[in-house]
Amino acid sequence: MSNLADFQARIETVLAEHLAKADIPERLRAAMQYSTLGGGKRIRALLVYAAGTATGAAMNRLDAVAAAIECVHAYSLIHDDLPAMDDDDLRRGRPTNHIQFDEATAILAGDALQTLAFEIVAESALNDHQARQVSLLLARSAGATGMVGGQMIDILATEKQLSQPELENMHRCKTGALINAAVIGGALCAETLSDEAHSALGKYAANLGLAFQVVDDILDIESTTEQLGKPNGSDTAAGKVTFPQLLGLAESKQFAQKLYQDAMESLGLIGDNNESPLGVSLLSDIAERVVTRTH
Ligand code: IPE
Ligand code: IPE
Ligand code: MG
Ligand code: MG
Ligand code: MG
C-alpha cells in the first residue's frame, strides 16, 4: 500500500465485505450498497489511511475506521439529497437513492448505514480505549455538534445572508467535522500519538475541511453536471449561502488556495518522532487533490 489508488481499491473491498453481512432485508441491502459502493472520491477513507500511515497504525484498524467514516458519509449524502433537504436527483453520475429506490427506503438505508458505522468500530481490531475514542469522535463529528448541526444551519440559512464567520462555522460543521474525524480517527489507531503530531494533524484537517467545502461551492457554479456527477447550479437554484455568493468566485478561489497552503504548512509541523514520510506525503497528495479536483 503505497499510493492513493491502492487505498481506494482497498476501501471498496472492505466496504463490500461489511455490506455482505447476513440478515439484512435484500431491498435495504441493495439501497445501502447502491450509495456506498462503486463511486465517490473516497477522500475521507484516504485521509484515514494516510493519517494512520503517518502515525504507524495497523492496517486492519484503519480499515475499520475508514469504512465507518465512508458509511456515515454515504448516509449523509442519501439524506442530503432527499426532497425535504436539497431535493437532488443525481449523485455520482447516477439517480440519487430515493429516485432509484423510494423515499422510505432511502431514509432507512441512511439510518442503517449510520448505525453500521458504529457497529464496525465496536467489532473492530481497535483496543477498547481506541474504540471508545474513535466512537466518541465519530459521534460528535457526525451529530448535532458536527455534520447534522451544520446541515441544520444550512437549511435555516437558505434565502438568508450570513457573515463570513457564520458561513465558515457552517462549513466547519457540515463538512469539516467529518474530515477532521477521518484524519484524527486514522491517527488515533496508532499505538502512540505524539501531542505534536495530533495538533499538527488537527490544523491540517481544519484547513483542508474548510477548503473542501469552499471548492464544493465553487464547483457547483463552475463545473458541469456531467463532470460533477451531481446537478450543477443546485446551490443557486435552492438559494443556498455559499462562498462564491458571499465573496465572489475569484476571492473564493484565493481563499481555497490559502487554506491549501495553510494545510500544507501544518504538515510541516508534524515533527519527526516516529512519523512516516510516506504518510505525510500521502496527506499532501490528498490536499492537492482536494483543491484541484473538478468533481
Ligand atoms: C460531497 O462530498 C458532500 C460534501 C461534503 C460537499 P464528496 O465530494 O466527498 O462526495 P463523494 O463521496 O466524492 O461522492
Ligand atoms: C452536504 O453539502 C454536506 C453533507 C453533510 C452531505 P452539500 O449539500 O453542498 O453537498 P452536495 O453538493 O449535495 O454534494
Ligand atoms: Mg446540502
Ligand atoms: Mg446537497
Ligand atoms: Mg454542494
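Values as computed for the structure displayed
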{"read-out": "Which listed residue is in contact with a Pro (Cβ under 9 Å, 6 or more places away or on another chain) and over 21 Å from S76 (Cα atoms), from E166, E222, E196", "value": "E222"}
{"read-out": "Filter result for the condition that a residue is buried (at least 17 other Cβ atoms within 10 Å of the Cβ), more than 10 Å from ligand 2 (Cβ to nearest atom) and of a type in the set (D, E), over E159, E168", "value": "E168"}
{"read-out": "Any hit, the stretch 206-214, residues being loosely packed, with under 14 Cβ neighbours inside 10 Å and within 16 Å of ligand 5 (Cβ to nearest atom)", "value": "no"}
{"read-out": "Restricting the stretch 69-113 to residues that are buried (at least 20 other Cβ atoms within 10 Å of the Cβ) and of a type in the set (S, T, N, Q), the residue that is nearest to ligand 5 (Cβ to nearest atom)", "value": "S76"}
{"read-out": "Residues of the stretch 120-144 satisfying the condition of being surrounded by fewer than 13 Cβ atoms within 10 Å (Cβ to Cβ) and either in a helix (DSSP H, G or I) or among the β-branched types (V, I, T) (or both)", "value": "D128, H129, L136"}
{"read-out": "Helices (runs of 4 or more DSSP H) fully within the stretch 145-201 counting 1 or more residues that are away from ligand 3 (no atom under 15 Å from the Cβ) and in contact (Cβ under 8 Å) with a residue 60 or more places away in the chain", "value": "164-171, 177-188"}
{"read-out": "Selection count where residues are within 16 Å of ligand 3 (Cβ to nearest atom) and not in a helix (DSSP H, G or I), scope the stretch 85-119", "value": "9"}
{"read-out": "Residues of the stretch 229-241 satisfying the condition of being closer than 19 Å to G93 by Cα and more than 8 Å from ligand 2 (Cβ to nearest atom)", "value": "G229, P231, N232, G233"}
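Bear in mind these aren't lab numbers, they're just calculated from the coordinates by the rules spelled out. Small disclaimer: the values here were computed from a predicted structure and weren't measured. When we count neighbours, we look across all protein chains shown, and the Cβ atoms used for this are built from the backbone with ideal geometry, even at glycine.
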